[in-house]
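Below: one structure, written as structure tokens.
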Amino acid sequence: MRIVEIRETTAPIASAIANAYIDFSKMTLSLVAVVTDVVRDGRRVIGYGFNSNGRYGQGGLIRERFAPRILEAAPDSLLDDSGTNLDPDRIWAAMMKNEKPGGHGERSVAVGTIDMAVWDAVAKIAGEPLFRLLAKRHGREANPKVFVYAAGGYYYPGKGLDALRGEMRSYLDRGYTVVKMKIGNGIAEDQPRIEAVLTELDGKAQLAVDANGRLTLEQGIAYAKMLRDYPLFWYEEVGDPLDYALQAALAEFYPGPMATGENLFSHQDARNLLRYGGMRPDRDWLQFDCALSYGLCEYQRTLEVLKTAGWSPSRCIPHGGHQMSLNIAAGLGLGGNESYPDLFQPFGGFPDGVRVEHGHIVMPDLPGIGFEGKSDLITVMRDLAT
Ligand SMILES: [Mg+2]
């Protein structure tokens, strides 16, 4: 049993939207196929992976360092003790050979992309859905019912409040109970947007707001004083993701739930957030996204960090809206997952036929991560390798 080839390509996920920090007009991602010599149900097992929106494709790093290290390793050194499946942690260690600690930037995205493909292959070789394999490994009961919320409400050039209200209405119509919108361009612009959305929701769903790290401490406090009068689901990523003192100071001005973590890419960074960010385990939310932060091998270390700091995995609702985090949520008891009903297709979203009901989806029992159940996505993946 061995990995015979690793293919990668860069795919566009551009769209005409912007948050307070970046626009998505040139956004890309890396798509990876880990090709094995294993055959299941008459088909060669291939694991697929991609990185989340928000960071760009990482083809250079994948081609120059991380894929070659896996292919250069002795095949037997990448298997588990039984020799009947690949070992994700051993493959992860092979990828990270000769990498210094610290500086978790684009490297963590490249590794996370390959790691997703490896776990997909491992679950397919085992012949079971990844969330069931994960639950078993951790001695837990899997729960295929996962909370999801609708992320949108971007700044769309040329669109006004009516379009924003219509978008939020469509999320309600599709079964969501929590929706999210972008803020951070200024209170004068954002307060009418927030009020318009709350009017449209009419108490039938809760609203979360996301500043995408745009605000200074002073601006974040000014927003907090405005926002705390509304019954928000959370106030997200107010300031720079690495400014833990800013995050800690905000709690004095904002008693409601806050959320952050999508731009922290290692268990060490997660630990620093919990040590120094003043995050409150009884109400705040953690959004680390494995597909940007060294993958599921590392995410399991992050969950260990949480446990040591007294946090439940149920306080995690990852960024990204991909099926990998849905599997982790269902397998390891996370609080849910982000979803982008109208964006970043075909990579984001759910297998065909999965519907949101009362803010939850139910995971189908598909081997691996479940990409084969999403016809538009698996078509793109099989174009890369079959
Ligand atoms: Mg965000």
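Only the coordinates and a few stated rules stand behind these numbers; no lab work does. Given the structure is predicted, the values throughout are model-derived calculations rather than measurements. All Cβ positions, even for glycine, are placed from backbone atoms using ideal geometry, and neighbour counts span all protein chains on display.
Computed quantities for the displayed model
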quantity	calculated
Average silhouette area of the chain, convex hull of alpha-carbon atoms, in square nanometres	17.7
Rg to Rh, two decimals, where region 3-127 supplies the alpha carbon set and Rh follows Kirkwood	1.02
Between helix 217-227 and the chain: long-axis angle, C-alpha atoms, 0 to 90°, nearest 10	70
Over the chain: helical MRE at 222 nm, DSSP H runs n ≥ 4 each giving -39500 (n - 2.57), nearest 500	-10500 deg cm²/dmol
Cβ-derived FRET efficiency at R0 22 Å, Thr216 paired with Ala309, nearest 0.05	0.20
Reachable lysines, given that their alpha-carbon falls under 29 Å from the alpha-carbon of Lys182 and they are not under 8 places away in the same chain	Lys26, Lys145, Lys159, Lys204, Lys225, Lys374
Between helix 375-384 and the chain: long-axis angle, C-alpha atoms, 0 to 90°, nearest 10	50
Over region 3-149, relative contact order from alpha-carbon pairs under 8 Å, at least 6 apart, %	23
Whole-Hz ³J(HN,Hα) from phi, Karplus 6.51 cos²θ - 1.76 cosθ + 1.60, for region 304-311, glycine and proline x	5, 4, 4, 4, 4, 8, x, 9
For Arg40, distant residues with modelled amide H under 5 Å away	Val45
Whole-Hz ³J(HN,Hα) from phi, Karplus 6.51 cos²θ - 1.76 cosθ + 1.60, for region 253-260, glycine and proline x	10, 10, x, x, x, 10, 9, 6
Cβ crowding within 10 Å averaged over residues, with 320-329, 239-248 ranked highest first	320-329, 239-248
